[in-house]
Amino acid sequence: MKKITLQVISALVVFAAVLNGCGKGSSSQQLPILGRTDYKEVGGKVDTIYHTIPSFQFVDQDSALVTEATVDNKIYVADFFFGTCPTICPVMKQQMLRVYEEFKDNPNFAILSHTIDPDHDTVAYLKDFSERLGVPDNKTWHFLTGNKDEIYEIGSGSGYLVPVGEDKDAPGGYIHSGAFILVDGQRRIRGMYDGTDPKQVTALMSDIPKLLKAYDE
């Protein structure tokens, strides 16, 4: 039942991204703000409270501590994977490599890739994994490991709103979303894209500059 539920949620996440058009053809102000929304009254006016990514603390492939301060006021893309994944992860990483190559020299951009198998994907493993992929340092692309419960919580709980988890019946023993999640400088989710679909990743690459444009204004 858990496997079916996670697969349905994952499909809905990607479907919602498609319905939103992933911001395609929009200005940075018009990119959707995704996630739960709340409202509060302040001084007789109603303010909108958008869902934001909570504080976090993980370690990357160079043993550097990565927290929300690392991406403070940066545009970044997040995803979830595991090193022994026999299905979608290799495709996702090749597609994310396209994003990395395009934006790796922009100081206002980052990528956070979270392993969902931290017992296997140690710092040393992630260092080797990133180098074999063609990412020589952690300046832009951070491959993150840490406490499994905290990774799962920021994935499917209070954070990126995508399914991640263990499933003994799934290939490799884990199931996770293939989504690439675009996050703005205020840690709000601005788009979700199917990381296994080159057209969706191209849409992501066209939306990132719309958010980065704010740094040039």
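Nothing in this text is a laboratory measurement; each read-out follows from the coordinates by a stated rule. Because the structure is a prediction, the values reported are computed rather than measured. Every residue, glycine among them, receives a Cβ derived from its backbone with ideal geometry; neighbour counts consider all protein chains shown.
Could you tell me which trypsin sites (Lys or Arg not before Pro) in region 111-152 are loop residues by DSSP with no more than 13 other beta carbons within 10 angstrom of their beta carbon?
K139
Computed FRET efficiency, Cβ-Cβ of A69 and A214, R0 22 Å: what is it to the nearest 0.05?
The calculated FRET efficiency here is 0.70.
Let me see the pair-distance distribution of region 85-217: every alpha carbon pair, 5 Å bin width, integer percents in order.
Histogramming region 85-217 at 5 Å steps yields 2, 9, 19, 23, 23, 15, 6, 2, 1, 0, 0 percent.
Name the long-range amide H neighbours of I111: under 5 Å, sequence gap of 5 or more, or other chain; modelled H, no Pro or chain starts.
It is V77, W141, H142, by chain and number.
Note down the nm distance, to one decimal, between modelled labels 7 Å out along Cα→Cβ at V91 and at D38.
Modelled inter-label distance: 3.8 nm.
Run the simple label-point estimate for T122 and K45 please: 7 Å along Cα→C-beta, distance reported in nm.
Rounded to a tenth, the inter-label distance reads 5.5 nm.
So which of K93/K148; K74/K139; K74/K127; K93/K168; K74/K213 end up more than 18 Å apart by C-alpha? Mind showing how you got there, number by number?
On the way: K93/K148 21 Å; K74/K139 13 Å; K74/K127 23 Å; K93/K168 23 Å; K74/K213 12 Å.
Those over the limit are K93/K148; K74/K127; K93/K168.
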